[in-house]
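Undergrad: What follows is a single structure, and I will ask about it in a moment.
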Amino acid sequence: MPKKLGLLGKKIGMTRIYSEDGTAVAVTVIETGPCVVLQKKSVAKEGYDAIQVGFGAKRESRLNKPDAGHAKASGKGGFYHIKEFRIADPSQFEVGQAILVSDLFKVGDIIDVSGAVKGRGFQGVIRRHGFKGGPSGHGSMFHRAPGSIGCSAWPSRVIKGKKMPGHMGTNMVTKKSVTIMDIRPEQNVLVVKGGVPGAKQGLLHIYTK
Amino acid sequence: MNIIEQMEQENMRHDMPDFRPGDTVKVHIRIIEGNKERTQLFQGVVIRRRKGVMGASVTVRKISHGIGVEKTFPLCSPRVDKIELVSEGRVRRSRLYYLRNLRGKAARIREKGIN
């Protein structure tokens, strides 16, 4: 388990910025933090060191009693999204402390961003696995089908992990080594180079490197 | 969308003249060669304007030594020093791709206000 600290964020969308020499850079705008520390976990008690943080304030009337009880110690209300980050030393954080984007990151840092990619539904092998497909014309009757999926008498079964049609998307994907182009601490906004997984308003996990 | 709109409002340029497809414009381009910087001019007819804030662009077409040349400039790019409006043209569509198939006299555009 990687010992990485991070934040939760929400993808706002994409835009473009220009560097001074005129190079256009496509950037993603992420609203991130403040993430409130809800619980500290230790080797002695839970068997591992971690902090649990909450992101996205939830109205009190929306909280059920167990969630309200769990969030009580932090004194900052409930949250829609809760995540643990395994770190080596949880003692540097206090329960109820809000971790801001400016606490962890600075412009030029390299980070990892994970999110759930957009759902593609049931897809064939060409879109899902990048198969080439057959010729469209010249009498060909083989277009987008996967073709043979294995041998005959031996092993007389389909090997595990064979690429086949099926549901595509909604899985968690991590984009590694993303450069931070800009930080706006007063708006809790992080601007990173390039795209990140998922739809607008989607939840993102942002990890320090 | 609010944060993005705000970022774009902060970074957008307000020094662009109001020009439309069919107009003739003079684009001053900043060119960096080594550590020297100079300005190059590109004058021609606007054949397309792409809308947007940071992504807005303009395509200018001119005939250079008998060969049609088109350049697309991002309107917010710092490489574009300034754009001057030379003359306004009267055209009936927003994308003047038909100019690519016309030569010489046929490729002229009527000036606005002259019938």
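The values are calculated or read from the model by the stated rules, or taken from the named source; none is laboratory data. What you see is a predicted model; the values in this text were computed from it and never measured. In this analysis, Cβ positions are derived from the backbone assuming ideal geometry, glycine residues included, and neighbour counts consider all displayed protein chains. In case anyone asks, the SASA skips ligands and DNA or RNA and just uses the protein heavy atoms, side chains included. Shrake-Rupley method; radii C 1.70, N 1.55, O 1.52, S 1.80 Å.
Undergrad: For segment B:36-47, state whether one or more residues are surrounded by fewer than 16 Cβ atoms within 10 Å (Cβ to Cβ), under 30 Å from A:VAL29 (Cα atoms) and within 14 Å of chain A (Cβ to nearest Cβ). Lay out the reasoning, then the answer.
TA: As a first pass, look at segment B:36-47 and keep what is surrounded by fewer than 16 Cβ atoms within 10 Å (Cβ to Cβ): B:36-41, B:43.
Among the residues that remain, those that are also under 30 Å from A:VAL29 (Cα atoms) are: none.
The answer is no; no qualifying residue exists.
Undergrad: Applying the selection to segment B:48-78, what residues are more than 13 Å from the chain's Cα centre (by Cα) and exposed (fewer than 14 other Cβ atoms within 10 Å of the Cβ)?
TA: Just the residues of segment B:48-78 that are more than 13 Å from the chain's Cα centre (by Cα), to begin with: B:52-55, B:63-68, B:78.
B:SER64, B:HIS65, B:GLY66, B:ILE67 - these are the residues of segment B:48-78 that are more than 13 Å from the chain's Cα centre (by Cα) and exposed (fewer than 14 other Cβ atoms within 10 Å of the Cβ).
Undergrad: Do we find that A:GLY78 is without any contact (Cβ under 8 Å) to a residue 40 or more places away in the chain, open to solvent by less than 50 Å² (accessible area, probe 1.4 Å) and within 30 Å of A:ARG184 (Cα to Cα) in this structure? Explain how you work it out, then say what you get.
TA: Numbers: without any contact (Cβ under 8 Å) to a residue 40 or more places away in the chain: yes; open to solvent by less than 50 Å² (accessible area, probe 1.4 Å): yes; within 30 Å of A:ARG184 (Cα to Cα): yes.
It is true that A:GLY78 is without any contact (Cβ under 8 Å) to a residue 40 or more places away in the chain, open to solvent by less than 50 Å² (accessible area, probe 1.4 Å) and within 30 Å of A:ARG184 (Cα to Cα).
Undergrad: Within segment B:90-115, take every residue that is in contact with a strand residue (DSSP E or B) (Cβ under 8 Å, 6 or more places away or on another chain) and not in a loop (DSSP other than H, G, I, E, B) and give me the one that is surrounded by the most Cβ atoms within 10 Å (Cβ to Cβ). Talk me through it step by step, then tell me what you get.
TA: At the first step, the residues of segment B:90-115 found to be in contact with a strand residue (DSSP E or B) (Cβ under 8 Å, 6 or more places away or on another chain) are B:90, B:94-97, B:99-100, B:107, B:109-112.
Those left that are additionally not in a loop (DSSP other than H, G, I, E, B): B:97, B:99-100, B:107, B:111.
Values: B:TYR97: 11, B:LEU99: 20, B:ARG100: 12, B:ALA107: 16, B:GLU111: 14.
Looking at residues that are in contact with a strand residue (DSSP E or B) (Cβ under 8 Å, 6 or more places away or on another chain) and not in a loop (DSSP other than H, G, I, E, B), I get B:LEU99.
Undergrad: Here's another thing I want to ask about it. Output the number of the condition that A:ALA71 fails; it satisfies all remaining conditions of (1) under 22 Å from B:GLU10 (Cα atoms); (2) away from chain B (no Cβ under 14 Å).
TA: The single condition A:ALA71 does not satisfy is (1).
Undergrad: Of all residues in segment A:84-113, which are touching a strand residue (DSSP E or B) at 6+ places or on another chain (Cβ under 6 Å) and of a type in the set (D, E, K, R)?
TA: A:GLU84, A:ARG86, A:ASP109, A:ASP112
Undergrad: Considering only residues that are part of a strand (DSSP E or B) and within 15 Å of A:ILE206 (Cα to Cα), which ones fall in segment A:89-116? Steps first, please.
TA: Residues of segment A:89-116 that are part of a strand (DSSP E or B), as a first pass: A:98-99, A:110-116.
Correct list: A:ILE99, A:ILE110, A:ILE111, A:ASP112, A:VAL113, A:SER114, A:GLY115, A:ALA116.
Undergrad: Given the criterion touching a strand residue (DSSP E or B) at 6+ places or on another chain (Cβ under 7 Å), away from chain A (no Cβ under 14 Å) and open to solvent by 60 Å² or more (accessible area, probe 1.4 Å), identify the matching residue among B:ASP23, B:ASP15, B:ASP81.
TA: Testing whether each residue is touching a strand residue (DSSP E or B) at 6+ places or on another chain (Cβ under 7 Å), away from chain A (no Cβ under 14 Å) and open to solvent by 60 Å² or more (accessible area, probe 1.4 Å) leaves just B:ASP15.
Undergrad: Could you check segment A:173-186 and list, in sequence order, the residues that are away from every other protein chain (no Cβ under 14 Å) and loosely packed, with under 12 Cβ neighbours inside 10 Å? Steps first, answer last, please.
TA: If we filter segment A:173-186 for residues that are away from every other protein chain (no Cβ under 14 Å), which is where we start, we get A:173-180.
A:LYS176, A:SER177 - these are the residues of segment A:173-186 that are away from every other protein chain (no Cβ under 14 Å) and loosely packed, with under 12 Cβ neighbours inside 10 Å.
Undergrad: So for segment A:126-137 (the condition being free of Cβ contacts under 8 Å to residues at least 24 places away in the same chain and either polar (S, T, N, Q) or under 20 Å from A:THR28 (Cβ atoms) (or both)), does at least one residue qualify? Give the steps one after another, and end with the answer.
TA: As a first pass, look at segment A:126-137 and keep what is free of Cβ contacts under 8 Å to residues at least 24 places away in the same chain: A:126, A:130, A:132-137.
Cutting the leftovers down to either polar (S, T, N, Q) or under 20 Å from A:THR28 (Cβ atoms) (or both) gives us A:136.
Yes: one or more hits.
Undergrad: If you take the residues of segment A:187-196 that are surrounded by 20 or more Cβ atoms within 10 Å (Cβ to Cβ) and more than 10 Å from chain B (Cβ to nearest Cβ), which of them is farthest from A:ILE82 (Cα to Cα)?
TA: Step one: list which residues in segment A:187-196 are surrounded by 20 or more Cβ atoms within 10 Å (Cβ to Cβ), which gives A:188-192, A:196.
Imposing the further condition that a residue be more than 10 Å from chain B (Cβ to nearest Cβ) reduces the set to A:190, A:192, A:196.
Values: A:LEU190: 20, A:VAL192: 23, A:VAL196: 20 Å.
For segment A:187-196, the residue satisfying everything is A:VAL192.
Undergrad: Continuing with the same structure: Taking the conditions exactly as written (touching an Asp or Glu at 6+ places or on another chain (Cβ under 9 Å) and open to solvent by less than 60 Å² (accessible area, probe 1.4 Å)), does A:PRO146 satisfy them or not?
TA: Numbers: touching an Asp or Glu at 6+ places or on another chain (Cβ under 9 Å): no; open to solvent by less than 60 Å² (accessible area, probe 1.4 Å): yes.
Criteria not met by A:PRO146.
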